[in-house]
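The values are calculated or read from the model by the stated rules, or taken from the named source; none is laboratory data. This structure is a prediction, so every number in the text was calculated from the model and none was measured. Because the Cβ atoms are built from the backbone with ideal geometry, glycine has one as well, and the counts that use them run over all protein chains shown.
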Amino acid sequence: MNRLIEILSVDEAATQLSSVTADLDLGVLRGSPVIVVDDADHLPPSVAALLADLPLVSVGIAPPGTAPTFDVLVNDAESAASVVDGVTSNPTAAVTCCQVLRNGPCQSTSTGLLLESTAYGTLQSGSEFSRWLTRREYRIRPEETEPPVLVNATDKAVQLTLNRPRTCNAWSAAMRDALVEVLRSLASPGDSRAIHLRGNGAVFCSGGDLVEFGTVEDASMGHLIRSSANAAPWLDRLSNRLTVTVHGPSVGAGVELAAFAGHIEATGDASFQLPEISMGLIPGAGGTVSLPRRIGRQKTAWLCLTGTTIDVATALNWGLIDAVSG
């Protein structure tokens with residue numbers, strides 16, 4: 001563990017959370033964006049339930065599945081410290097992410113995506129994302145002549161291929177629009193063909209194209225674009241027909257969109273990461289809806305808050321993927 005963190009006992013946590021001034025004493029606006037509780041599974045349920053309304057990240061040291069009201073569960077103090085580090089690096093984004101995860105997965109897909117997009121747009125106007133933008137290396141993309149999504153259709157199946165291999169299939173507006181167009185056509189009544197989505201080149205999808213981040217100056221307009229031109233609801237709608245094959249690093253949007261599929265295969269070299277908190281943002285391609293449905297909100301929060309890259313074996317064990325292919 002790199003540094004000491006404050007870990008509350010069950011009794012200490014119960015005293016703080018049960019106070020009538022808890023909302024005045026705790027929370028990101030009070031300089032207290034995270035609370036860590038040892039033996040969190042022993043916290044009385046009536047007290048633990050109070051965590052849902054506090055603007056902070058709650059970290060419980062407890063066995064998996066034993067303290068469902070906490071945002072994250074970890075095994076020990078060292079693991080808790082890695083979560084705390086992620087929270088304190090960008091506390092506004094971290095707390096917002098956990099607030100969305102508390103409420104989004106239990107909603108319909110459309111409501112969950114609306115909540116995610118609203119929170120994402122709010123953070124785009126915040127100081128943490130602005131700080132990341134100032135440190136970002138500026139790049140210019142050369143003009144691309146190839147279509148961003150390739151379509152190979154037969155009477156029985158449709159093969160879709162993300163086709164920006166020079167950018168590791170970075171998720172761009174053009175790729176999004178092209179995929180939405182073909183998915184919309186596949187949702188036509190009477191079309192029951194199997195759909196297979198993969199990526200061209202060495203990487204399935206490296207996440208949002210960083211060149212395009214911050215290019216929409218009006219965050220409210222960005223929200224409307226996400227609400228009307230989002231691949232997530234179409235992937236969800238077609239999930240029972242959709243198989244995604246992931247290879248190489250799958251980052252950000254690459255993980256989020258794949259997780260909507262009814263079946264996900266991954267090659268042995270696949271890996272998975274959600275780095276958005278480090279940018280002052282939260283997942284914005286549907287990940288706060290799709291990932292909790294597969295791995296639960298606590299593991300999703302852990303991925304977001306720590307930015308940890310997990311390998312294919314972990315992804316299979318968690319249920320993030322369904323099979324490992326050759």
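Results, tabulated for the structure shown:
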read-out	value
Any helices (runs of 4 or more DSSP H) falling wholly within segment 200-259 and containing at least 1 residues that are touching a strand residue (DSSP E or B) at 6+ places or on another chain (Cβ under 9 Å) and closer than 12 Å to R176 by Cα	232-237, 253-258
Out of S250, S325, sole residue that is among the small types (G, A, S) and buried (at least 18 other Cβ atoms within 10 Å of the Cβ)	S250
Within segment 87-120, tally of residues that are more than 21 Å from P68 (Cα to Cα) and either touching a His at 6+ places or on another chain (Cβ under 7 Å) or of a type in the set (G, A, S) (or both)	6
Any chance D71 is more than 16 Å from R102 (Cα to Cα), surrounded by 17 or more Cβ atoms within 10 Å (Cβ to Cβ), modelled with pLDDT of 95 or more and acidic (D, E)	no
Segment 86-109: number of residues that are out of contact with any helix residue (DSSP H, G or I) (no Cβ under 8 Å at 6 or more places or on another chain) and surrounded by 17 or more Cβ atoms within 10 Å (Cβ to Cβ)	0
Matching residues in segment 287-326 - criterion: being in a loop (DSSP other than H, G, I, E, B) and at pLDDT 95 or above	G296, G307, T308, T309, G319, L320, I321, D322
Residue match in segment 90-97 (condition: under 25 Å from D53 (Cβ atoms), modelled with pLDDT under 95 and not polar (S, T, N, Q))	no
Those residues of segment 286-322 which are in contact with a strand residue (DSSP E or B) (Cβ under 7 Å, 6 or more places away or on another chain) and of a type in the set (G, A, S), in sequence order	A301, G307, A315
Flag for L150 being under 22 Å from G248 (Cα atoms), out of contact with any Asp or Glu (no Cβ under 9 Å at 6 or more places or on another chain) and not small (G, A, S)	yes
Close pairs from segment 166-182: first closer than 15 Å to L210 by Cβ, partner surrounded by fewer than 19 Cβ atoms within 10 Å (Cβ to Cβ) and charged (D, E, K, R), Cβ under 7 Å, at least 6 apart	S172/E212; A173/E212
Filter result for R241 (over 23 Å from Q99 (Cα atoms), surrounded by fewer than 18 Cβ atoms within 10 Å (Cβ to Cβ) and among the basic types (K, R))	no
Options S228, S271: the member that is surrounded by fewer than 24 Cβ atoms within 10 Å (Cβ to Cβ) and under 29 Å from V74 (Cβ atoms)	S271
Members of segment 212-224 found to be β-branched (V, I, T) and crowded, with 16+ Cβ neighbours inside 10 Å, listed by number	V216
Selection within segment 183-210 - touching a helix residue (DSSP H, G or I) at 6+ places or on another chain (Cβ under 9 Å), more than 29 Å from E137 (Cβ to Cβ) and crowded, with 17+ Cβ neighbours inside 10 Å	L183, L186, I195, L197
Condition broken by N169, with the remaining ones in (1) outside any loop (DSSP other than H, G, I, E, B); (2) at positive phi satisfied	(1)
Candidates E217, E276, E256 - the one that is under 18 Å from T288 (Cβ atoms) and out of contact with any helix residue (DSSP H, G or I) (no Cβ under 6 Å at 6 or more places or on another chain)	E276
